[in-house]
Amino acid sequence: MPAGWMVRCARRWRGDLIKLKITCREATQITLQAEDRTMPLAERLSVRLHRRICSNCRRFFRQVQLMRQASARWRQYTDE
Ligand SMILES: [Zn+2]
């Protein structure tokens, strides 16, 4: 992921502490970004709220989680 994108994203998020209504596009971006576990609490909450009302993003999040678990297992396996 290009560093410039992260900076731009962080700048966009600064200002409003918790954005209650985010778009599916934003939720998707944050979910993918969450892999490094450095995202602010406000973003995590916004995505969690969004997932409660959006079944599409719920399904997407579940798939991302499955993929991550699979790749984590794979990484563990190749490290040995
Ligand atoms: Zn959505």
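The values are calculated or read from the model by the stated rules, or taken from the named source; none is laboratory data. Everything quoted here is computed from the prediction, not taken from an experiment. Methodologically, a virtual Cβ is constructed for each residue, glycine included, from the backbone with ideal geometry; neighbour enumeration extends over all protein chains shown.
Among the residues of the stretch 11-47, which ones are in a loop (DSSP other than H, G, I, E, B), surrounded by 15 or more Cβ atoms within 10 Å (Cβ to Cβ) and either at pLDDT 80 or above or in contact with a Cys (Cβ under 8 Å, 6 or more places away or on another chain) (or both)?
Taking the stretch 11-47 first, the residues in a loop (DSSP other than H, G, I, E, B) are 14-23, 37-40.
From the residues that got through so far, the ones that are surrounded by 15 or more Cβ atoms within 10 Å (Cβ to Cβ) too are 19, 22, 39.
Of everything in the stretch 11-47, just one residue is in a loop (DSSP other than H, G, I, E, B), surrounded by 15 or more Cβ atoms within 10 Å (Cβ to Cβ) and either at pLDDT 80 or above or in contact with a Cys (Cβ under 8 Å, 6 or more places away or on another chain) (or both), namely I22.
Among the residues of the stretch 48-71, are any modelled with pLDDT under 75 and in contact with a helix residue (DSSP H, G or I) (Cβ under 8 Å, 6 or more places away or on another chain)? I'd like the intermediate steps shown before the answer.
In the first step, residues of the stretch 48-71 are kept if they are modelled with pLDDT under 75; the result is none.
No, that holds for no residue.
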